[in-house]
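Notes follow once the structure below has been shown.
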Amino acid sequence: MGDIEDVVAEFIVQTAVYWGPGTNDGYGSKVWPDPVEVLCRWTDKTEIVQSDNGEEAVSSANALVNDDLEYEGYMFLGTLDDLDSSEEDNPMTVDGAWRIIRWQKVPMVFETDDFVRTAYLGSGSQI
């Protein structure tokens, strides 16, 4: 890890569950990858952001992480033990799970391998 990632690691003491983006099952639904736990610093904060698809959207929270996540994945503040097996299979059934509407990975000045990573979370509602 780089210097800023070491600093971020000091602040990311909360656990969240992350699902990568689902894939189309061919029948109009999605198949979700197995969820994993990630460390984060979760901030409940409503703000208008430009989503990764270029539209303005309302973000209800953001999470600072040290892992690469993906746009349209989902995050839930909690642990895998907080979920039952059906919820693990589909983040859209989890109360409190938010879709990643913007993913930001910013390199530090004069660095190529030291990043600040932030997931902006929301329902994806356009404004």
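Where a number appears in this text, it was derived from the coordinates with a stated rule and is not lab data. Remember, it's a predicted structure, so these values are computed and weren't measured experimentally. Cβ sites come from the backbone with ideal geometry, for glycine too, and all protein chains shown count toward neighbours.
Among 113-122, 86-95, 8-17, how do they line up from the highest to the lowest mean number of other beta-carbon atoms within 10 Å? Walk me through the intermediate numbers first.
Details: 113-122: 20.6, 86-95: 14.9, 8-17: 16.5.
Descending mean neighbour count gives 113-122, 8-17, 86-95.
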- Message: Could you sort the peptides 58-70, 98-110, 42-54 by per-residue average Cβ neighbour count (10 Å cutoff), highest mean leading?
- Response: 58-70, 98-110, 42-54
- Work out from phi, with θ = phi - 60° and the Karplus expression 6.51 cos²θ - 1.76 cosθ + 1.60, the ³J(HN,Hα) of each residue of region 88-97, listed in order in whole Hz, and give x for Gly and Pro. 4, 6, 8, x, 5, 9, 8, 5, x, 8
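Quick one: in region 51-127, what % of C-alpha pairs are over 18 Å apart? List each step's numbers first, then the result.
On the way: 1356 of 2926 pairs.
The proportion of pairs with Cα distances above 18 Å equals 46 percent.
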- Query: Among I101, L77, W32, whose Cα sits farthest toward the positive end of the charge dipole of the chain (+1 at Cβ of Lys/Arg, -1 at Cβ of Asp/Glu, about the Cα centre)?
  - Reply: I101
